[in-house]
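Notes to accompany the following structure.
Computed from the coordinates by the stated procedures, all read-outs in this text should not be read as laboratory data. Just so you know, these numbers come straight off a predicted model, no measurement behind them. Positions of Cβ are backbone-derived with ideal geometry, glycine not excepted, and every protein chain shown enters the neighbour counts.
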Amino acid sequence: MFRSPRGTSDILPADQPYWRFVEEKIARICQLYGYRRIDTPLFEDAGLFIRGVGEETDIVQKEMYVFEDRGGNKLTLKPEGTAPVCRAYLEHGMHNLPAPVKLYYFGKSYRYERPQSGRYREFHQFGYEAIGDVDPAMDAEVVDMAWQLYLSLGMQQLHLKLNSIGCKTCRPVYLARLKEYFSAYTGELCQDCRNRWEKNTLRLLDCKNPFCQKYSAAAPKSYENLCPDCEKHFNQLKEYLDLLGLPAEIDHCLVRGLDYYTRTVFEIQPEIEGAQSTLGGGGRYDGLMEQLGGDPTPALGFAAGIERIITNIKRQNLAVPPEVSPLLFIACLGEEARKAAVKMSGNLRQAGISTILSPAGKSLKAQLRQANTLSVRYTLILGDNEIKTGSVQLRDMLTSEQKDIPQSQLLEILLANNSKPDSGAR
RNA sequence: GUGGGUAUAGCCCAGAGGUCUAAGGCGUCAGGUUGUGGCCCUGAAGAACGAGGGUUCAAAUCCCUCUACCCACCCCA
């Protein structure tokens, strides 16, 4: 027997209502903020991510699915969505569009990692990018949009973490200061942190080890070491967020894993603290376009993990719209009736009535049982008696009312009830 | 890549060396008389107990290896 590959999963019919719900909320919020959808390929030139995400990041170092196609091109299954969107922006000359260009995407991403709760090898990301605007009001809008999305999903008790990690000018200075601060404690830090001290100093700040956290709490704070421009940007952003009524929590330990972030970084986390709990995050990446070979272009964005969102929807027991059942089930008895039923089912579907034709060879009782479990609103019963008289039995499964009606009136009656919202029995 | 846990029918799970040719629940299917659902009752199908090796007279139950899944770390959505 085959099984789905490690870290992948089937999204079964029973789960589809969650996905549909999330997708609809996303489409709605994007429309509300003026974002237009873009879909990029599932695979890209591997170099795009090496340049974009960062040579030294774990994503590039050990998590990308890289392969060579038959033509010898080095390709990779996309591990994230921002670099491809930027590539598309550059490739299609979107700098000619009125700035900022607002794009959103929804699709699969791939990372070769050990699967665990909230982390899969194939996962779904939703994200959006606002390209071409330096103003902190844009940052505020991007943060606001993410926040509003979660609210519209019905989520409660979320935390909005915010930080600024500076720019090309001030970050190196800050990093040196940070490294110096930690140099006094390298002996006491965990092994991971000693490595981080060498290679990824910023990451020292969000170590999960309580020992290390003591030191990071007292470490120099990035937002207190910004250059004048970055500081002004951060202050304005905070002011705007305040105007929007967003409860941002400034957290100097919030650093994001991708190299391209500058200035603003933010994350949205659920109340229930757990591993892999971050629902989404984003930030500004003013240097990325240039990194990818374009003109310097300020931009920022946000990305969310759909699986994590759905996990939280379930955990919080939030209501999602159920799937809609077919309107009609046709039960029939006998050869002649079956012929009539086949014909009728075709006509009804063409008229827009969702119809299920009963499987053959079942007793009427069994057919009704099936109609019941399918939660259809109406069952149509067709036997020899009805064929003779040109009528049909129409049974309302909710009220158990059953009427003998002429076949000629059937469509009219069904159409009149087709648009009623509550069409599911039980 | 590192550590821990788990592995019995489609799903949930009982089972702690012989009484297991493996129990129960959900679901599925079929009946409860003649053409009628949801509740109830009855019955049926469906598992060589993850795979492979041991130990033993005897293993779903003990040991080893592997694999998969889950959880945590690393990292991230």
Checklist outcome for this item: In whole Hz, the Karplus estimates of ³J(HN,Hα) for the range A:247-258 (6.51, -1.76, 1.60; θ = phi - 60°; x where Gly or Pro) are x, 5, 9, 6, 9, 6, 8, 7, 10, 9, x, 8
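Taking a ≥ b ≥ c as the square roots of the eigenvalues of the Cα gyration tensor of the range A:13-122, is the shape rounded (a/c under 1.5), prolate (a/b larger than b/c) or oblate?
It is oblate, given that a/c is not under 1.5 and a/b is not larger than b/c.
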Checklist outcome for this item: Placing each pseudo-label 7 Å from Cα in the direction of the beta carbon, A:Ala217 and A:Gln407 end up separated by a distance in nanometres of 8.0
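Based on other C-beta atoms within 10 Å, arrange A:Leu333, A:Leu205 from fewest to most.
A:Leu333, A:Leu205
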Item to check | Computed lengthening from A:Glu239 to A:Leu97, 0.36 nm per intervening residue step minus Cα-Cα distance | outcome: 48.2 nm
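Counting Lys and Arg as +1 and Asp and Glu as -1, each charge on the Cβ, what is the dipole of chain A about the Cα centre in debye, to the nearest 20? Mind showing how you got there, number by number?
On the way: 52 positive and 53 negative charges, 273 e Å.
Charge dipole, chain A, about its Cα centre: 1320 debye, nearest 20.
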Checklist entry - Considering chain A as a Gaussian network with a 10 Å cut-off on Cα pairs, which listed residue, A:Leu75, A:Leu288, A:Leu160, attains the greatest mean-square fluctuation? => result A:Leu75
Checklist entry - What is the ratio of the Cα radius of gyration of chain A to 2.2 N^0.38 Å, where N is its residue count, to two decimals? => result 1.29
Checklist entry - Based on DSSP H runs of at least 4 residues, each adding -39500 (n - 2.57), what is the mean residue ellipticity at 222 nm of chain A after dividing by all its residues, to the nearest 500 deg cm²/dmol? => result -11500 deg cm²/dmol
Next on the checklist: Give the lysines whose C-alpha is closer than 20 Å to that of A:Lys314, dropping any in the same chain fewer than 8 places away, or say none.
Outcome noted: A:Lys25
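Mind listing which GluC sites (Glu not before Pro) in the range A:228-298 are in a DSSP loop and have 11 or fewer other Cβ atoms within 10 Å?
On the way: sites: A:Glu231, A:Glu239, A:Glu249, A:Glu267, A:Glu271, A:Glu273, A:Glu290; in loops: A:Glu271, A:Glu273.
Loop-located and lightly packed - A:Glu273.
With a/c under 1.5 counting as rounded, go ahead and sort the range A:210-252 into rounded, prolate or oblate using the C-alpha gyration tensor (a ≥ b ≥ c being the square roots of the eigenvalues; past the cut-off, prolate if a/b is larger than b/c, else oblate).
Working: a/c = 6.25, a/b = 1.58, b/c = 3.96.
In terms of gyration-tensor shape, oblate.
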Checklist entry - Taking the radius of gyration and the Kirkwood hydrodynamic radius from Cα positions alone, what is the Rg/Rh ratio for the range A:32-92, to two decimal places? => result 1.02
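How would A:Cys207, A:Cys193 line up from fewest to most surrounding beta-carbon atoms within 10 angstrom? Write out the running numbers ahead of the final one.
Details: A:Cys207 18, A:Cys193 23.
Taking fewest neighbouring Cβ atoms as first place, the list is A:Cys207, A:Cys193.
Express in nm, to one decimal, how much length is gained between A:Arg194 and A:Asn385 on full extension, taking 0.36 nm for each residue of separation and deducting their alpha carbon distance. Numbers along the way, then the final one.
Working: separation 191, 0.36 × 191 = 68.76 nm, distance 8.49 nm.
That pair, A:Arg194 and A:Asn385, stretches by 60.3 nm at full extension.
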Next on the checklist: Just to check, using Stokes-Einstein with a Kirkwood Rh over alpha carbon pairs, what's the diffusion coefficient of the range A:278-426 at 37 °C and 0.692 mPa s in µm²/s?
Outcome noted: 174
Next on the checklist: Run the Debye formula on the Cα coordinates of the range A:364-421, all scatterers equal and no solvent, and tell me log10 I(q)/I(0) at q = 0.17, 0.19, 0.23 1/Å.
Outcome noted: -0.58, -0.72, -1.00
Next on the checklist: Would the range A:58-159 count as rounded, prolate or oblate if I go by the C-alpha gyration tensor, calling it rounded below 1.5 in a/c and otherwise prolate when a/b exceeds b/c, oblate otherwise?
Outcome noted: oblate
